[in-house]
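Each remark here refers to the structure printed beneath this line.
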Amino acid sequence: MITVYGSNANADQLRAIPLETPDNAGRYWQGIQHGRLVDVLSMQIRNRGWEITESRFSLSKDQYDLAGAFKMRLPGVDTPEGMDLSLGFVTSNALRKSLKMVVGAVVQVCNNGMATGEIVMQKKHTKQFSLSDEIKKSLDEYEIKSRTLNETVRSLKERELSQVESDQILMEAGRQHLMPFSRIGKVDQEYHNPTFAEHGRNTSYALLNAFTYIVKKNPVHAQMDQMNRFRELLPTADYSLAN
């Protein structure tokens, strides 16, 4: 699933936006024209034989900042039922943020720099930066991570949680200030009475889905860190015990 907050542009519009040098840019600054970024990224994705099934873009009011995301299919890469592979990015030609690229089954991006997912690129806009080379490296890493997604989800689905374990995980999430304790209680309610049946019950995967569902009510700029840190608290199935 991809979510681009305030989607308001298409690729043709991005290509028409001129690249302007900010007044406070240093001698080593090098902007990335929005349309070129999307075109190079799209071209490299398709050259690998991957399919882009959906794309969304959002521009800031001054058109300097861009947020975007692709939903994709990779030949030979199976994803868990109900999930899609996604890639999101945020960039700024006004010195407000570096170019960041994230991957995951659920990707959310917006112009304030928030991007949920695993970071595979974070580079400043400088003359030493080669857009084509860096995108190639990022897509290489993307492919590696995409091939482990099915196994990761499987291990979360197969790791059953006792009531004591789920309580301890939620208490630790509260202690780490991943969200207020009042909202942690809502995660517990969602975990025991899921809004969507496919979220499952009594597993690490079910608890992750419950947290992800409620965390959307938290401030947008904090969600990426909160989701990633909560995932680190969850135990997974230990397949070595079965061998």
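In region 82-101, what count of residues is obtained for those that are among the hydrophobic types (A, V, I, L, M, F, W, C) and touching a residue at least 60 places away in the same chain (Cβ under 8 Å)? Walk me through it before giving the result.
To start, the set of residues in region 82-101 that are among the hydrophobic types (A, V, I, L, M, F, W, C) comprises 83, 85, 87, 89-90, 94-95, 99, 101.
This time we only want the ones that are touching a residue at least 60 places away in the same chain (Cβ under 8 Å), so: 83, 85, 94-95, 99.
The number of residues fulfilling the criteria is 5.
If a residue has to be in contact (Cβ under 8 Å) with a residue 24 or more places away in the chain and within 19 Å of Pro235 (Cβ to Cβ) to count, how many in region 191-203 make the cut? Break it down into steps so the answer makes sense when it comes.
The initial filter retains those residues of region 191-203 that are in contact (Cβ under 8 Å) with a residue 24 or more places away in the chain, namely 191, 198, 200, 202-203.
Adding the requirement that they be within 19 Å of Pro235 (Cβ to Cβ) leaves 191, 200, 202-203.
Matching residues across region 191-203 total 4.
Could you check region 15-54 and list, in sequence order, the residues that are assigned to a loop (DSSP other than H, G, I, E, B) and either touching an Asp or Glu at 6+ places or on another chain (Cβ under 7 Å) or among the β-branched types (Val, Ile, Thr) (or both)? Before you say what the answer is, go through the steps one by one.
From region 15-54, those assigned to a loop (DSSP other than H, G, I, E, B) are 16-28, 30-33, 48-50; that's our starting set.
Residues satisfying the conditions are Ile17, Thr21, Ile32.
Keeping to region 170-228, report how many residues are among the charged types (D, E, K, R), in contact with a Phe, Trp or Tyr (Cβ under 8 Å, 6 or more places away or on another chain) and closer than 25 Å to Lys100 by Cα.
0
Looking at Lys145, Lys137, which is the one that is free of Cβ contacts under 8 Å to residues at least 40 places away in the same chain, basic (Lys, Arg) and not in a loop (DSSP other than H, G, I, E, B)? Don't jump to the end; show me each part of the working.
Working: Lys145 fails: free of Cβ contacts under 8 Å to residues at least 40 places away in the same chain.
Answer to the check: Lys137.
Is it the case that region 204-217 has a residue that's touching a residue at least 24 places away in the same chain (Cβ under 8 Å) and more than 22 Å from the chain's Cα centre (by Cα)?
Taking every residue of region 204-217 in turn, none turns out to be touching a residue at least 24 places away in the same chain (Cβ under 8 Å) and more than 22 Å from the chain's Cα centre (by Cα).
Looking only at region 16-31, decide whether some residue is out of contact with any helix residue (DSSP H, G or I) (no Cβ under 9 Å at 6 or more places or on another chain), open to solvent by 40 Å² or more (accessible area, probe 1.4 Å) and at positive phi.
Scanning region 16-31 turns up no residue that is out of contact with any helix residue (DSSP H, G or I) (no Cβ under 9 Å at 6 or more places or on another chain), open to solvent by 40 Å² or more (accessible area, probe 1.4 Å) and at positive phi.
Answer yes if at least one residue in region 50-62 is hydrophobic (A, V, I, L, M, F, W, C), closer than 16 Å to Ser98 by Cα and in contact with a strand residue (DSSP E or B) (Cβ under 6 Å, 6 or more places away or on another chain), and no otherwise. Let's see the steps before the verdict.
As a first pass, look at region 50-62 and keep what is hydrophobic (A, V, I, L, M, F, W, C): 50, 52, 57, 59.
Keeping just the survivors that are closer than 16 Å to Ser98 by Cα gives 59.
Pick out the ones that are also in contact with a strand residue (DSSP E or B) (Cβ under 6 Å, 6 or more places away or on another chain) and you get 59.
For region 50-62, residues hydrophobic (A, V, I, L, M, F, W, C), closer than 16 Å to Ser98 by Cα and in contact with a strand residue (DSSP E or B) (Cβ under 6 Å, 6 or more places away or on another chain): present.
Could you go through region 37-45 and let me know if any residue there is without any contact (Cβ under 8 Å) to a residue 40 or more places away in the chain, in contact with a strand residue (DSSP E or B) (Cβ under 7 Å, 6 or more places away or on another chain) and not aromatic (Phe, Trp, Tyr).
First, the residues of region 37-45 that are without any contact (Cβ under 8 Å) to a residue 40 or more places away in the chain: 38-39, 42-43.
Add one more test, that the residue is in contact with a strand residue (DSSP E or B) (Cβ under 7 Å, 6 or more places away or on another chain), and what stays is 38, 42.
Narrowing the set further to residues that are not aromatic (Phe, Trp, Tyr) leaves 38, 42.
For region 37-45, residues without any contact (Cβ under 8 Å) to a residue 40 or more places away in the chain, in contact with a strand residue (DSSP E or B) (Cβ under 7 Å, 6 or more places away or on another chain) and not aromatic (Phe, Trp, Tyr): present.
So Met179 fits all but one of (1) assigned to a helix (DSSP H, G or I); (2) open to solvent by less than 50 Å² (accessible area, probe 1.4 Å); what number is the exception?
Condition (1) is where Met179 drops out.
The values are calculated or read from the model by the stated rules, or taken from the named source; none is laboratory data. All values reported here derive from a predicted model rather than from experimental measurement. Reconstructed Cβ throughout: ideal geometry from the backbone, glycine too, with neighbour counts over all protein chains shown. Remember, those area values only see protein heavy atoms, side chains included, never the ligands or the DNA or RNA. Shrake-Rupley method; radii C 1.70, N 1.55, O 1.52, S 1.80 Å.
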